[in-house]
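Just below is one structure, and these are the notes that go with it.
The values are calculated or read from the model by the stated rules, or taken from the named source; none is laboratory data. For clarity, every value in this text was computed on a predicted model and none was experimentally measured. Here the Cβ is made from the backbone with ideal geometry for all residues, glycine too, and neighbour counts use every protein chain on show. Heads up: the accessible areas ignore ligands, DNA and RNA and are worked out on the full protein's heavy atoms, side chains in. Shrake-Rupley method; radii C 1.70, N 1.55, O 1.52, S 1.80 Å.
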Amino acid sequence: MLTFNTLVGVCLLYVIMLFVVAFVADKRARRSKVRFLTSPMIYTLSLSVYCTAWTFYGAVGNAARSGLEYVTIYLGPTLVMIGWWWFLRKLVRVGRSQRVTSIADLVSSRYGKSNLLGVLVTLIAVIGTTPYIALQLQSVTLSFAVFARDRSAGWIIPDLEQTAIWVAGGLALFTILFGTRNLDVNERHHGVVTAIAVEAVVKLVALLAVGIFVVWGIGGGPQGIAAAMEQAIQAAPEGAWTLQGGRWVGLTFLSAAAFLTLPRMFQVLVVENVDERQLATASWAFPLYLFLMSLFVIPIAVVGLAILPKGENPDLFVLTLPLYFEQDGLAMLSFLGGFSSATSMVIVASIALATMVSNHIIMPIWLSTRLGAGASEYRDARQILLSARRLSIVGILALGYFYYRISGGGSALAAIGLISFAGVAQVLPAMAGGLFWRGASRSGAVAGLITGFAIWAYTLFLPSFGEAGVMSASVLAHGPWGIEALRPQALFGVNGLDPVVHALFWSLVLNCVVFVLISLLSFPSPLERLQAAQFVNVLDHSGPARGRSFNAATSEDLLVMAQQVMGSDQAQAWFQAQAEQQGKQGYLPDTTPDFIGRLERELSGLVGTATAHAMIAQILGGAAVSVDDLLAVADETQQMLEQTSQLEAKQLELTTTARQLSEVNEKLTQLSIQKDAFLSQISHELRTPMTSIRAFSEILRDGGASDPAAAARHASIIHDESVRLTRLLDDLLDLSVLENGQVQLYPRHEVLHEVLDRAIAATSSVIDQEKMHIHRNRSDEGVALYTDTDRLAQVFINLISNAAKYCDAKGKRLAIRVRQRGGRLQVDFVDNGSGVPFESQSMIFEKFSRLSDQAAAGGAGLGLAICREIMDKLDGSITYLPGQSGGAFRVTLPVGSHSPFGRTWPSDINHL
Amino acid sequence: MTRQVLVIEDEPNIAEAISFILSRDGWSVSTHASGTTAVQAVRDAKPDVLILDVMLPGKSGYDILQDLRSADDTRALPVLMLTARGQKTDRELAERLGVNRFMTKPFSNSEMLTNLRELVGG
């Protein structure tokens, strides 16, 4: 006699057993002894999460209502598995190479890491899966209820809803414990998968046991069953058991699509796949499993219909038949089978959904609130991520529970399942298009998904709440606002289709059309194009995805790689230290995950995280390097290139500076040479008069010339040379002051002819002595000046006395001509001598450039240099005029009030 | 026997001073002011000793000395060089070119006489 306590106790024991299985498997996986976990059988059995309570209980119900139609639900996955080479292989390869964590991640990753798509697929998955989870809660609760009703004398379940809460809570706990114990980069859950495999066996054994009992225990063998079938077909309502071609094709396609797009199926098919070769085995083993699962569905259905009282829920025949015949053990097994079906589905689905919700919704939000946070804060991310996962699991189960409460648990299991299937199938175009069509674009995927999902919600999901639900009966019957074309279950006037097929048809067709059209019209981003190539051509450039088996990677390969990065000696020392830590001799430590992790960190410091990860991943031969990795590597490379180019720029700068320095150095050397030359010149100029002075003074001291006239001449030479010396010193000082710009100018108003008069007066002695004639045109000289006229006069004096001294004509003449041109005053001094030889013209304004053969004239060669400095300060100029009849100089001056007086002139290093 | 001395000096006052000093000491003095024609002047005058200024118009005293030292008839001519640029390099250059005596302006009259006498061996 089964009591409630027994039932709960058995359930608890069963769950504890699953715990142990999962725990051991996890532990072995962590110790890298994953061999038995990589067995294709475990993989195949884990695929059985496809067979939920709907399949376990609902298939019989379906068969009882619609005959063989339930087979379509198995047919779809079977076709997918048989054709694995064309689609599944590629899907798994992409999933592995891109390290995809969920179907939302796959779609988002394919379309340029679009988080919008991630969110969209996550929402579709959550909404599509919620009824499914509700269905599992419903079936478990119903199965409890079956026992309660039959044993009302012994025990009763006080409240079905409370049972559902307990079941949901328990499942949440189990999922959290094993689905979120730790974070695996690949989102693999060895423990859970193993537990699921055990449950798959329980399911199969339970259903087979019930089937065998029904066929041979009570049905009278195959003949009896055949007879019961005849009877059932006749008893069934007209047409219920006849094959409807459209519905068959539709449902087969739907189950195939759902097999690929259901989050939990994607989780076990792709994410939990450890080795691509598992697919080959699963391609025949899983259809076999499905065949066995469906083998006794019809017998149980027809026997149930024949034996059990009318009105008995066919969905529970699997349970009620053994109970009817008081087979408590078998009933218990059957109950555990259903329990297994429900729990495995809920666990895997909630893990898959939690990954999607936390990765695509919660984490982006959390990260956006942490924008700009330092790296240290991101260390919390792991903890946050785990919390987000746990929260998501609780939330998803809560959603399922509330759907169960709202829908009232009344609908047939199969109907709910098909609604879910059709919802998640909307992801198929984006997924398949992404795998096979490079032209598929993000915009197209988004638009297609939204279109398909909206139509699904409008034509199937919302009407599923019943006429009292979201949509009123009138909307269902006549369309919104009475528009017949928009009737949810007869869109565009397409009548007479089964609601599921109708919804599937319109949602997927429009989904595809919009997806293709928008894809053709939009331009994908570069990242999208890159990802498209990676996805579509994944089979061309990647080897079969093998397990990231640490044992497969030899330490030696890692050492060789590390040597290239770290340098030979350092790498060897580091490996030796690691080996020593593991208690090993030599240079080759075991490639434990711990060691791999440390090596990755060590290399990260040298080549960057992404590069290090990519390098190790390459050697371990596990997950191929993803685009993410490559982009990160490219990013790092970019940074290095930038640094390099910065270095190059700096080097260029240094080269330029060095060149400038050497130029300056050269200039300084040049200046130093010039200075030496100048000092040498000064020395010469000073020593020359001193020589005469000393020589004649010694002559005088030693008695002098006997001739008084000669003595007088000697004395006068001494005198003249002293004067010359003094004048030289004066000139030098004058020039020095002018050149250093420290000269003070005293501008005043004066008319040009007055300045010329003064200059001629000052040179009258030499003019007289040289008998030079000066020609002036006084009428031109009435120009008003505002300048330092003393300095100007100094220039004039110099030019006039030069002319007097150097003019070599017989009758010396000097013409002074004044002109105004373009706001400037020109004063030309032109004599009738032979002028300055052409080759000397460029030098005459330099210091000590006295024309040597006229040294006797007594100048020190500084006069014109001084003139040039003065005219420069007066904002004017002095130039030699070639091509005149004789020596000719032109002095120009600005006329008018503007003048630069009072300015301080910068010292010029070029002039000592 | 009167010693012949040629003074090549472009500064007239200095040339006059040297002439006076040497004449008073009993030398036969001739002067020449141009560098360009100095070598020819030496050949023409055939002096016993030459006083040569460095800074001469047209041709420097060094060039003249070099020319004299490379010609057979003047190779052995004793030369006293005078310069107003009394730097060490000037003296070195002159000695390398084969000068006999080197004096910096301004000079002592008696020292010049001493040098000249030594040069002509008397």
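In percent, rounded to a whole number, the relative contact order of segment B:4-119 is 23, using alpha-carbon pairs under 8 Å and six or more apart. Tell me, what HN-Hα J-couplings in whole Hz come from the Karplus equation 6.51 cos²θ - 1.76 cosθ + 1.60 at θ = phi - 60° for each residue of segment A:660-674, using x for Gly and Pro? Those phi angles translate into 4, 4, 5, 5, 4, 4, 4, 4, 5, 4, 4, 5, 4, 5, 4 Hz.
Computed from backbone phi, the HN-Hα couplings of segment B:59-71 come to 8, 6, x, 5, 4, 4, 4, 4, 4, 5, 6, 9, 9 Hz, rounded to whole numbers (Karplus: 6.51 cos²θ - 1.76 cosθ + 1.60, θ = phi - 60°; Gly and Pro given as x). Ordered by 1.4 Å accessible area with all protein chains kept, A:126, B:7, A:205 run largest first as A:205, A:126, B:7. In the elastic network of chain B, a GNM with C-alpha springs shorter than 10 Å, the most mobile of B:46, B:88, B:105 is B:88.
Average 1/r across all pairs of distinct alpha carbons in segment A:1-142, invert it, and you get the Kirkwood radius: 18.8 Å. Among A:683, A:443, A:143, the order of accessible area from largest down is A:443, A:683, A:143, computed with a 1.4 Å probe on protein heavy atoms.
Provide a whole-number value for the mean count of partner chain Cβ atoms within 10 Å of the Cβ atoms in peptide B:101-114. Don't jump to the answer; show the numbers that get you there.
Working: counts 0, 0, 0, 3, 11, 12, 5, 3, 8, 2, 0, 2, 0, 0.
Rounded to a whole number, the mean comes out at 3.
Taken one residue at a time, the phi angles of segment A:132-144 give Karplus couplings (6.51, -1.76, 1.60, θ = phi - 60°) of 5, 5, 4, 4, 5, 4, 4, 5, 5, 4, 4, 5, 4 Hz. Gly and Pro are set to x. Taking every alpha-carbon pair under 8 Å whose residues sit at least 6 apart, segment A:641-733 reaches a relative contact order of 27 percent.
The accessible area of residue A:773, taken with all protein chains in place and a 1.4 Å probe, comes to roughly 110 Å².
Among the GluC sites (Glu not before Pro) found in segment B:1-108, not one is both in a DSSP coil and sparsely packed, with 16 or fewer other Cβ atoms within 10 Å of its Cβ.
Each listed q (0.13, 0.18, 0.20 Å⁻¹) maps to a log10 I(q)/I(0) for segment A:742-888, found by the Debye formula over equal Cα scatterers with no solvent: -0.56, -1.13, -1.41.
Ordering A:768, A:875 by accessible area with a probe of 1.4 Å, largest first, what comes out?
Details: A:768 110, A:875 60 Å².
Most to least solvent-accessible, the answer reads A:768, A:875.
Rolling a 1.4 Å probe over the protein heavy atoms leaves residue A:218 with an accessible area of roughly 50 Å². Where the centroid of each part is defined by its Cα atoms, how far is segment A:648-717 from segment A:113-131 in Å? So the separation of the two Cα centres works out to 95 Å. Taking amide H positions as modeled 1.01 Å from N, with prolines and chain starts lacking one, the residues under 5 Å from residue B:103 and 5 or more places away or on another chain are B:81, B:82, B:83. Direction-averaged projected area, Cα convex hull, segment A:641-733: 8.3 nm², rounded to one decimal.
Semi-axes of the equivalent ellipsoid of segment B:4-119: what are they in whole Å, largest first, if each equals the square root of 5 times a C-alpha gyration tensor eigenvalue? Before the final figure, lay out the partial values.
Values: eigenvalues 67, 53, 39 Å².
So the equivalent ellipsoid measures 18, 16, 14 Å along its semi-axes.
A 1.4 Å probe, protein heavy atoms only, puts the accessible area of residue A:213 near 40 Å². With 40 Å² as the minimum drop in accessible area between chain alone and full protein complex (1.4 Å probe), the qualifying residues in segment A:674-696 are A:680, A:684, A:687, A:688, A:691, A:694, A:695, A:696.
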